[in-house]
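All remarks here apply to the structure that follows.
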Amino acid sequence: MERVTPYRTYWILWVILLALTTIMIVTEGAGLPRAATMAVVLGAMVTKVTLIGGWYMHLKFERAALIAAVVGGTFATAALLFFLIAVDAVAMLRMAP
Amino acid sequence: MTTPGAPALEVHWQGGVSPFGVPWQKLMMWFFLVTDALLFAGFLGGYGFVRLASPSWPEQSDVFPMLKIAAMTFILITSSATMATAVGAAHRRDLQRAMTFVLLTALVGATFLAMQAIEWTTLIQEGARLTSNPWGPPPFSAFFFMITGFHGSHVLLGVILLSVTAARLRKGRASGLGVEVLGLYWHFVDVVWCFIFPLFYLL
């Protein structure tokens, strides 16, 4: 789908992405509890990926079928991959002396 | 077109002509990116398992110059913004601006690569190898070289493609769709770094 986004939108996003990256770095060095650090850093990571995918890669303007195939397909297959790795990982951890 | 005697599939097919509503070039790029994403998902999944299974793991801030890594991240994000601007210009048929921003993206990408080369050189001089390193478990450096190496090779390919596209834009041969498809690839490289940076360097 052809859709022209204003240039300004891309540069506003750029500022937001830089700010999120700064938040990640500052949080990691702030000495917060591990769970809080992980929540902030991973939350910022997911937000950044969503912004890039949605606006820079124009997924926001594509049909639901494409979004489902691309995003859903990737995450479903990755989840399966991680599950298969996890099964092996747990088994190997149990075998460890 | 149907072959005489063969069942006419289009008679039974009731779906749309273009269910995804995108040109085939763009769809093929998306499919490629999905498969490539799974490659990196496998790397990061394996890294996560090995790290959890290792009794100790080096503190990243002791090994990596975090300011330099942060600068590399800022640089890659900037290249995404310049690429998005190039795609926007190509859609507006403003080929001069598109060429300028594609070239700018290539330059920024090359800067990222140069910084990565310096990072690799420093770590190798400090004793990091694929099979061993001075900071602890051998998989630490193995995963570092493998994950950042694969990502870097994607950046390198992107810089080459961007340079070729800039030259084609200069000659008026590149289309808006071509720039957009290349933009998808470049943004994907940025997305992958969005995962690598926190999972490998920060957490």
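The values are calculated or read from the model by the stated rules, or taken from the named source; none is laboratory data. Quick caveat, the model's predicted, so the values are computed rather than measured. Glycine also receives a Cβ, built like all others from the backbone with ideal geometry; neighbour counts cover every protein chain displayed. Just the protein is used for accessible areas: all its heavy atoms, side chains included, with ligands, DNA and RNA removed. Shrake-Rupley method; radii C 1.70, N 1.55, O 1.52, S 1.80 Å.
All C-alpha to C-alpha distances of chain B, sorted into 5 Å bins beginning at zero, yield P(r) values of 1, 7, 13, 16, 15, 12, 10, 8, 7, 5, 3, 2, 1, 0, 0 percent in whole numbers. Roughly what angle does helix B:95-125 make with the longest principal axis of chain B, taking Cα atoms, 0 to 90 degrees, to the nearest 10? Its long axis makes an angle of about 30 degrees. Here the scattering of chain A is modelled by Debye summation over its C-alpha atoms, one equal scatterer each and no solvent; at q = 0.25 Å⁻¹ the log10 of I(q)/I(0) is -1.15. Averaging the Cα positions of each part gives two centres, and for the range B:167-184 and the range A:19-66 these lie 29 Å apart. Taking Lys and Arg as +1 and Asp and Glu as -1, the other residues whose beta-carbon sits under 12 Å from that of B:Leu184 total -3.
For the residues A:Trp55, B:Trp24, a 1.4 Å probe over the protein chains yields an accessible-area ranking, largest first, of B:Trp24, A:Trp55. Note on chain B: dipole from Cβ charges, positive end direction compared against B:Ser79, B:Phe112, B:Gly172; the farthest Cα belongs to B:Gly172. The range B:90-182: which trypsin sites (Lys or Arg not before Pro) are DSSP loop and have at most 15 other beta-carbon atoms within 10 angstrom? Within the range B:90-182, the qualifying trypsin sites (Lys or Arg not before Pro) (loop, at most 15 other Cβ atoms within 10 Å) are B:Arg92, B:Arg93, B:Arg129, B:Lys171, B:Arg173. With one equal scatterer per alpha carbon and no solvent term, the Debye-computed log10 I(q)/I(0) for the protein assembly as shown at 0.14, 0.15, 0.16 1/Å reads -1.10, -1.23, -1.36.
Inter-chain Cβ neighbour count for A:48-60, averaged per residue, equals 5 (cutoff 10 Å, partner chain atoms only). The 3J(HN,Hα) values that the Karplus relation (6.51, -1.76, 1.60; θ = phi - 60°) gives for the range B:164-170 are, in residue order, 5, 5, 4, 5, 5, 5, 4 Hz. Gly and Pro appear as x.
One Cα centroid belongs to the range B:104-119, the other to the range B:52-67; the line between them spans 24 Å.
The value given for the range B:60-176 is a Kirkwood hydrodynamic radius of 15.7 Å, derived from the mean inverse Cα-Cα separation. Each Lys and Arg Cβ is given +1 and each Asp and Glu Cβ -1; about its Cα centre, the protein assembly as shown then shows a dipole of about 740 debye. Across peptide B:76-84, the mean count of Cβ atoms from other chains lying within 10 Å of each residue's own Cβ comes to 6. Taking Cα centre as origin and charging only the Cβ of basic (Lys, Arg, +1) and acidic (Asp, Glu, -1) residues, the dipole magnitude of chain A rounds to 160 debye.
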